[in-house]
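Undergrad: To start, I am sharing the structure in question, which I have written as structure tokens.
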Amino acid sequence: MTWSYPVDPYWMVALKALLVVVGLLTAFAFMTLIERRLLARFQVRMGPNRVGPFGLFQPIADAIKSIFKEDLVVERADKVLFVLAPLLGVVFALLAFGAIPFGPPGSFFGYSPWVVNLDLGLLYLFAVSEMAIYGIFLAGWASGSKYSLLGSLRSSASLISYELGLGLALLAPVLLVGSLNLNDLVNWQKENGWLLLYAFPAFLVYAIAALAEAARTPFDLPEAEQELVGGYHTEYSSIKWALFQMTEYIHFITASALIPTLFLGGWTMPVLEVPYLWMFLKIAFFLFLFIWIRATWFRLRYDQLLRFGWGFLFPVALLWFLVTAFVVALDLPRTYLLYLSALSFLALMGAVLYTPKPVRKGGGA
Amino acid sequence: MKEYLDLDPQGVEEPKELRTEVMTLNVGPQHPSTHGVLRLVVTLSGEEVLDLVPHIGYLHTGFEKNMENRTYTQVITYTPRMDYLHSFAHDLAYALAVEKLVGAVVPPRAETIRVILNELSRLASHLVFLGTGLLDLGALTPFFYAFRERETILDLFEWVTGQRFHHNYIRIGGVKEDLPEEFVPELRKFLEVMPHRIDEYEALFAESPIFYERARGVGVIPPEVAINLGLTGGSLRASGVNYDVRKAYPYSGYETYTFDVPLGERGDVFDRMLIRIREMRESVKIIRQALERLEPGPVRDPNPQITPPPRPLLETSMEAVIYHFKHYTEGFHPPKGEVYVPTESARGELGYYVVSDGGSMPYRVKVRAPSFVNLQSLPYACKGEQVPDMVAIIASLDPVMGDVDR
């Protein structure tokens, strides 16, 4: 089955692109506040609540501060790359958001609630989000500092470990839907049920890999405050440093928007369908989940991330890809996938519940 | 472009073999994970630590030399400033050494108060150890939880001594003054809560698979190496050596308390972290027992040579005025001799070696600081590990730089 989508006039596309950029930058600013407030709640403290009501003006104060701080370019840095790297990161992080649909066609004042409707949407997302790693990598390389170098090497090392799992995990939905278009993915889920139900292992692998891609705890090794003193952005100050924060948070928001789009039905909902509302709720859920994880977990060592990427994410994604390919190629009923997916969920729950804990309370050291 | 194309591919010399270079990385003295101003010069191959040389002395303050120009009582102002996390251990170790020198008799109530405060201080120190140690492994939250309990302990200290850090409370032959009335009920309240909190912390990290991965088998120090390097305290016991000064050479009546000495099996970061959690349980046990035997009574040695007369007596007794004056201007004169009393601080064996030439000021004071000695094992433990492990190992050895450099 195929769906067709209206094409918006160019001025409208440009307007929406602008809206996405402005919206994302605002969202970034307030995400810093929300994350700090939430972390504070997890950590029995108050968080920033002095600037404005509930600390709402804190992001503005932070922005003013980082703009007016001294902008240092270190002596040993590769000047061109040093300035270019943060810009590169932000631009590619912003680009990824445009293809995500937020509602049915015509729900944005008579126009479509997405910037572009690409037939190769998923490939585009891949290309763009992988380019963003260059921002981090080049920043570490260009800084001329050993800590930054270690940070950028780590980011490349973690890239090759989660990337395979990430790509293979997405192939399962693509095979089922038969399209790379994000709108097609959402519409297919609207008719056949969420892809989460058909491809739970792929969802799991993708969610974990997305966490690694956004370089957040437990995969925040390129930054690793306690080891590398900030890693790739050790030598950065002022607005350039803020740009790195921006990149990180926009990645974070994009990942939280992509997971629901790909696996949780995007803007659709079986009951009480309101455009935008469910999409925002789903994004908020994943943002909260990731902040929760940050408050709870330890950081992995980078060889452990490599082992995890190659030893768990990659085989699981590959296996599920083969299973899906088998079902699609032989044209078996898709309900088989539902059962297998449910089975894998039960297997995971069993593994979590029955894996012996490392240490039992009161046991031997 | 043309020149490049004209190059004879045969003429280009290929490197015979791929090779890598080692990198020297300077860590500290300003670094988030060096727990103060420790500087490490690390030789790295990739992220693997090939060699590590600690450079110390950035916090050298000359306390030991200063002590030679202060009376025996005044020295107590300096002692807690070395190990500012387990400060009562230093006060106590110094007081015990001088008391042995002058032959002071510490009343039982004062002994018990000292034990209570020493163990509370040990709890506070272990809490900081846990919070910062887990922070170094990338977990943000335990730090705040640990500091919440530490805050309660510091409040208790403030109640007793008027200070949160540098108490100046222990005196030669006792303690400065009796406990305030509200202290014991507040302490009981705290002891109600603390064991549950300890369980929570243990569940937070000791049962986390990521922590297990990060800490198990990392920075292993075998028992014989640990002994040869002079490692003491929790880090030695994590290697499975049963040496706790409170048991081996009891002081302040520790022999009368029942408590266990937790031992590790492998001597890795995991054991060193867990040992401290177990020790916190034992400290709570000791404080409970000490509270039971807290009987009313004097808190200072009645010997007028050591203890200044109580203030009201100065109004009526000329004798008292003389003693008061002599005590605060000149101090007391211990007999000639030298003493060393080992004690167990949160970091290991802590002892003051005090030499007296018969004057009112020590001829020489040498501190056997556990952090300083324990730091020796850092290069051994770090070799062959990775940069993130190095950070974890530093944290697990629990150095306090004030204690190292003095």
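Undergrad: Tell me the residue from B:Arg311, B:Arg272 that is among the basic types (Lys, Arg) and within 25 Å of B:Ile198 (Cβ to Cβ), please.
TA: Sole residue among the options that is among the basic types (Lys, Arg) and within 25 Å of B:Ile198 (Cβ to Cβ): B:Arg272.
Matching residues to (1) in the same structural domain as B:Phe270 (by the TED database); (2) within 30 Å of A:Thr296 (Cβ to Cβ); (3) small (Gly, Ala, Ser); (4) open to solvent by 10 Å² or more (accessible area, probe 1.4 Å):
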residue	(1), (2), (3), (4)
B:Glu177	yes, no, no, yes
B:Glu186	yes, no, no, yes
B:Leu191	yes, yes, no, no
B:Arg197	yes, yes, no, yes
B:Phe211	yes, yes, no, no
B:Ala215	yes, yes, yes, no
B:Val218	yes, yes, no, no
B:Glu224	yes, no, no, yes
B:Leu229	yes, no, no, yes
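Undergrad: May I pose another question? Suppose we keep only residues that are of a type in the set (A, V, I, L, M, F, W, C) and open to solvent by less than 10 Å² (accessible area, probe 1.4 Å) within the range B:123-136. Which one would you say is nearest to the other protein chains (Cβ to nearest Cβ)? Spell out the reasoning first.
TA: Residues of the range B:123-136 that are of a type in the set (A, V, I, L, M, F, W, C), as a first pass: B:123-124, B:127-130, B:134-135.
Now drop any that are not open to solvent by less than 10 Å² (accessible area, probe 1.4 Å), which leaves B:123-124, B:127, B:129-130, B:134.
Values: B:Leu123: 18, B:Ala124: 17, B:Leu127: 14, B:Phe129: 15, B:Leu130: 13, B:Leu134: 7 Å.
If we take residues in the range B:123-136 being of a type in the set (A, V, I, L, M, F, W, C) and open to solvent by less than 10 Å² (accessible area, probe 1.4 Å), then B:Leu134 is nearest to the other protein chains (Cβ to nearest Cβ).
Undergrad: Would you be able to say whether some residue in the range A:187-210 is open to solvent by 10 Å² or more (accessible area, probe 1.4 Å), touching a Gly at 6+ places or on another chain (Cβ under 6 Å), farther than 17 Å from A:Trp320 by Cβ and part of a loop (DSSP other than H, G, I, E, B)?
TA: For the range A:187-210, residues open to solvent by 10 Å² or more (accessible area, probe 1.4 Å), touching a Gly at 6+ places or on another chain (Cβ under 6 Å), farther than 17 Å from A:Trp320 by Cβ and part of a loop (DSSP other than H, G, I, E, B): absent.
Undergrad: Looking at (1) within 14 Å of chain A (Cβ to nearest Cβ); (2) touching a Ser or Thr at 6+ places or on another chain (Cβ under 6 Å), can you tell me which one B:Arg300 breaks?
TA: (1)
Undergrad: Right, another one. If we scan the range B:137-156, do we find a residue that is open to solvent by less than 40 Å² (accessible area, probe 1.4 Å), at pLDDT 90 or above and β-branched (Val, Ile, Thr)?
TA: Within the range B:137-156, one or more residues are open to solvent by less than 40 Å² (accessible area, probe 1.4 Å), at pLDDT 90 or above and β-branched (Val, Ile, Thr).
Undergrad: Further question on the same structure: Here is a check on your reading of the model: is B:Gln376 open to solvent by 10 Å² or more (accessible area, probe 1.4 Å) and in contact with an Asp or Glu (Cβ under 9 Å, 6 or more places away or on another chain)?
TA: So B:Gln376 does not fit the description; no.
Undergrad: A further question on this structure: Step by step: first the residues of the range B:240-267, then only those that are buried (at least 23 other Cβ atoms within 10 Å of the Cβ) and in contact with a Lys or Arg (Cβ under 8 Å, 6 or more places away or on another chain), then the one that is nearest to the other protein chains (Cβ to nearest Cβ). Which residue is that?
TA: Restricting to residues being buried (at least 23 other Cβ atoms within 10 Å of the Cβ) and in contact with a Lys or Arg (Cβ under 8 Å, 6 or more places away or on another chain), the top hit is B:Gly264.
Undergrad: Could you list all residues from the range B:58-104 that are closer than 17 Å to B:Thr161 by Cβ, part of a loop (DSSP other than H, G, I, E, B) and open to solvent by 20 Å² or more (accessible area, probe 1.4 Å)?
TA: B:Thr73, B:Tyr78, B:Tyr84, B:Leu85
Residue-wise test of (1) away from every other protein chain (no Cβ under 14 Å); (2) among the charged types (D, E, K, R); (3) out of contact with any strand residue (DSSP E or B) (no Cβ under 7 Å at 6 or more places or on another chain).
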| position | (1), (2), (3) |
| --- | --- |
| A:Leu33 | yes, no, yes |
| A:Arg41 | no, yes, yes |
| A:Val44 | no, no, yes |
| A:Val51 | yes, no, yes |
| A:Ala61 | yes, no, yes |
| A:Val73 | yes, no, yes |
| A:Leu87 | yes, no, yes |
| A:Ala93 | yes, no, yes |
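The values are calculated or read from the model by the stated rules, or taken from the named source; none is laboratory data. It should be emphasised that the depicted structure is a prediction, and the values quoted were computed from it without experimental measurement. All Cβ positions, even for glycine, are placed from backbone atoms using ideal geometry, and neighbour counts span all protein chains on display. These accessible areas exclude ligands, DNA and RNA; they are computed on the full protein's heavy atoms, side chains included. Shrake-Rupley method; radii C 1.70, N 1.55, O 1.52, S 1.80 Å.
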